[in-house]
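What follows is a short report on a single structure.
The values are calculated or read from the model by the stated rules, or taken from the named source; none is laboratory data. Fair warning: this is a prediction, and the values are worked out from it, not measured in the lab. Here the Cβ is made from the backbone with ideal geometry for all residues, glycine too, and neighbour counts use every protein chain on show.
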Amino acid sequence: MKQPAPLRTSLVQMSPGSDRAENIRTAETLARRATEHDRPDLLSFPEMWCCLGGGRAAKIAAAEPLPAPGSSEPLGPCYQFLQNLARSTGTFVHGGSIGELAGDHLFNTTLLFDDRGCEIARYRKIHLFDVVTPDGAGYRESALFGAGTEVVTARIKHLTVGLAICYDLRFPELFAALRERGAELLLLPAAFTLLTGKDHWEVLLRARAIETQCWVAAAACWGKHTEAMGEARYTYGHSLIADPWGHVVARASDGEGFVTGSIDPALNARIRADMPVAQHHRLPWRGPAA
């Protein structure tokens, strides 16, 4: 039986500010370079690449309503950019995350488009970053964003992918649920802080890969952005792809750019057969993984 071909995946690493139009131009430039250079099947962007920094007003201004499935509602600029990118390149596009306006509510939302530009999945970040980091910087994501409630998977060609965003990474129960729904690849866009990222980013990504026996592809923001009161914040970057054994097979350096790797489902199958941890669960609230 012929094995499915690996899914060539490019992660776009950005250093966005609060100017949505400028961020879209940068995203397109980097995505086109990745497409021309590496010919990926899947392009993936970081968390909140359309607006990072500024204050409440800037984030609300950069957010946009998302169309209902199958509707002819007007499209916001970020949605339109992602959809057109997928159509024009014939590539699956994982939109990292953008601000979604839903009535009076704002959500941190992932969009996934197929290679014809059709939306195939939408995920709202479940775990919100309400934390004081070791340098004393305070973050309160829940002051602006609502929390999602749905575990989301989708199909990209022959692979089932599970969706998560940034701080979700610290909650392994979500990734266990994605594995139970058949996930073989986990997409996790992020804007991880520099201080937490340097110690925890790679460790946690590799742990989630090992636990679930999934590939993990994590596109990240890098560099400095400025909050509304002029406070500087720094994100860690180091976008990476880890295999189901926990090895890092592709990694971005500092700065804007992209990194590409091949997601091979045959490796999932081999590791899961050799070490069938999904069949060994003994916790009464957990069912067998797919």
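Structure summary
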{"quantity": "So ALA266, is it farther than 24 Å from GLU173 by Cα, in contact (Cβ under 8 Å) with a residue 60 or more places away in the chain, of a type in the set (A, V, I, L, M) and not in a strand (DSSP E or B)", "calculated": "yes"}
{"quantity": "Hits in segment 197-229 - residues which are in a loop (DSSP other than H, G, I, E, B), at pLDDT 95 or above and either under 14 Å from the mean Cα position of the chain (by Cα) or more than 26 Å from GLY182 (Cα to Cα) (or both)", "calculated": "ALA219"}
{"quantity": "Which listed residue is among the hydrophobic types (A, V, I, L, M, F, W, C), in contact with a helix residue (DSSP H, G or I) (Cβ under 7 Å, 6 or more places away or on another chain) and under 29 Å from ALA27 (Cα atoms), from LEU194, LEU240, LEU187", "calculated": "LEU240"}
{"quantity": "Options GLU100, GLU184, GLU180; residue that is surrounded by 22 or more Cβ atoms within 10 Å (Cβ to Cβ), acidic (Asp, Glu) and in contact (Cβ under 8 Å) with a residue 60 or more places away in the chain", "calculated": "GLU184"}
{"quantity": "Residue among VAL161, VAL151 that is closer than 24 Å to SER262 by Cβ and under 18 Å from the mean Cα position of the chain (by Cα)", "calculated": "VAL161"}
{"quantity": "Residue in segment 138-147 that is modelled with pLDDT of 95 or more and among the aliphatic types (A, V, I, L, M) present", "calculated": "yes"}
{"quantity": "Lone qualifier among PRO67, PRO40, PRO46, PRO6 - being under 26 Å from HIS225 (Cβ atoms) and surrounded by 14 or more Cβ atoms within 10 Å (Cβ to Cβ)", "calculated": "PRO46"}
{"quantity": "Selected residue (criterion: nearest to the chain's Cα centre (by Cα)) from residues of segment 47-78 that are of a type in the set (A, V, I, L, M) and within 23 Å of TRP222 (Cβ to Cβ)", "calculated": "MET48"}
{"quantity": "Test: residue in segment 42-53 that is closer than 16 Å to THR89 by Cα, in contact with a Phe, Trp or Tyr (Cβ under 8 Å, 6 or more places away or on another chain) and either at pLDDT 95 or above or assigned to a helix (DSSP H, G or I) (or both)", "calculated": "yes"}
{"quantity": "Total residues in segment 258-290, condition farther than 25 Å from GLN13 by Cβ, among the small types (Gly, Ala, Ser) and at pLDDT 80 or above", "calculated": "4"}
{"quantity": "Residue count for segment 97-150, restricted to those that are of a type in the set (S, T, N, Q), over 22 Å from LEU43 (Cα atoms) and not in a loop (DSSP other than H, G, I, E, B)", "calculated": "1"}
{"quantity": "Only one of PHE113, PHE92, PHE45, PHE107 that is in contact with a helix residue (DSSP H, G or I) (Cβ under 6 Å, 6 or more places away or on another chain) and of a type outside the set (Val, Ile, Thr)", "calculated": "PHE113"}
{"quantity": "Unique match (being touching a residue at least 12 places away in the same chain (Cβ under 8 Å), in contact with a Cys (Cβ under 9 Å, 6 or more places away or on another chain), part of a helix (DSSP H, G or I) and among the aliphatic types (A, V, I, L, M)) among ALA34, ALA27", "calculated": "ALA27"}
{"quantity": "Single unsatisfied condition, GLU119 versus (1) under 21 Å from ALA58 (Cβ atoms); (2) at pLDDT 90 or above", "calculated": "(1)"}
